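Since every read-out is calculated from the coordinates, none of them should be taken as a lab result. Please read all numbers here as calculations on a predicted model, not as lab measurements. In this analysis, Cβ positions are derived from the backbone assuming ideal geometry, glycine residues included, and neighbour counts consider all displayed protein chains.
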Amino acid sequence: MSGFDSISVRGAELLARADAIYLEQFTSPVPKDDISRIKEIAGGKLILAKRWQVEDGKEILDSAKNGETV
């Protein structure tokens with residue numbers, strides 16, 4: 001992702017209807033302003049994932065089994 005403005009309309013729709021949204025910033029840092037804008041679309045369902053959560057994957061996969069996860 002290269003900033004909030006790079007999110008497509010379809011991407012914004014997916015964020016809005018998702019049950020959980022994981023954002024990992026180790027690989028590609030995201031400006032705080034963009035995080036705030038994503039939270040607005042997401043209705044507060046944004047989870048700032050730690051690197052270990054992404055590498056381990058269990059929490060994210062469990063979330064995906066139980067709902068719409070992006």
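For PHE4, neighbours were defined as the other residues whose beta-carbon sits under 12 Å from its Cβ, and their charges (Lys and Arg +1, Asp and Glu -1) total -1. Each residue of segment 8-16 was assigned a 3J(HN,Hα) from its phi angle through the Karplus expression (A = 6.51, B = -1.76, C = 1.60, θ = phi - 60°), giving 6, 4, 4, x, 5, 5, 5, 4, 5 Hz with x at Gly and Pro.
Which number comes out as Rg/Rh for the chain once both Rg and the Kirkwood Rh are worked out on C-alpha atoms? Ratio value, two decimals: 0.95.
With a cap of 13 neighbouring Cβ atoms within 10 Å, and only residues DSSP puts in a loop, list the chymotrypsin sites (Phe, Trp or Tyr not before Pro) found in the chain. Those that pass, being in a loop and sparsely packed, are PHE26.
Scalar couplings 3J(HN,Hα) for segment 29-34, obtained by applying the Karplus form with A = 6.51, B = -1.76, C = 1.60 to θ = phi - 60°, are x, 10, x, 4, 4, 5 Hz; x denotes Gly and Pro.
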